[in-house]
Amino acid sequence: MGNIARIPITNVYMGGDYTGEILVGPQQQPMNVILDTGSSALALDGHKYKPDLRTGDKSTQLAQTDSYGDGSSWTGAVIKTRISIGDGSSAITLADANAAIAYNR
């Protein structure tokens, strides 16, 4: 069995969608993200997270786009970065996780 990360969740920020905090990038910046079990994408708001290639974020040749049933969508560049999920002794860190930086919504 794999590791289990416990993520404190809330549904306050997105009007009913569940959100949780993860830590992103070399400086482990806290980011509140929607926890969407039907999605395979980790998308970060490009206005809130600025990739830092000098300290550890890595660019890729990939881009990603996604659209939803409510008509919303996003497009952005995919980077490799450090992501930490969970808190305390249950935290899991992924050293080279893919994350899309959503610039167009």
Residue match in the range 48-59 (condition: touching a residue at least 12 places away in the same chain (Cβ under 8 Å) and not in a loop (DSSP other than H, G, I, E, B)): yes
Out of Gly71, Gly86, sole residue that is at positive phi, modelled with pLDDT under 95 and buried (at least 17 other Cβ atoms within 10 Å of the Cβ): Gly86
Any pair with Cβ under 8 angstrom, 6 or more apart, that starts in the range 64-84 at a residue that is without any contact (Cβ under 8 Å) to a residue 24 or more places away in the chain and within 23 Å of Ala95 (Cα to Cα) and ends at one that is aromatic (Phe, Trp, Tyr) and open to solvent by less than 70 Å² (accessible area, probe 1.4 Å): none
Lone qualifier among Ala97, Ala63, Ala43 - being open to solvent by 80 Å² or more (accessible area, probe 1.4 Å) and small (Gly, Ala, Ser): Ala63
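The values are calculated or read from the model by the stated rules, or taken from the named source; none is laboratory data. Treat the numbers as computed from the prediction; the structure is a model and nothing was measured. Virtual Cβ from ideal backbone geometry, glycine too; neighbours counted across all protein chains shown. With ligands, DNA and RNA removed, areas are computed over all heavy atoms of the protein, side chains included. Shrake-Rupley method; radii C 1.70, N 1.55, O 1.52, S 1.80 Å.
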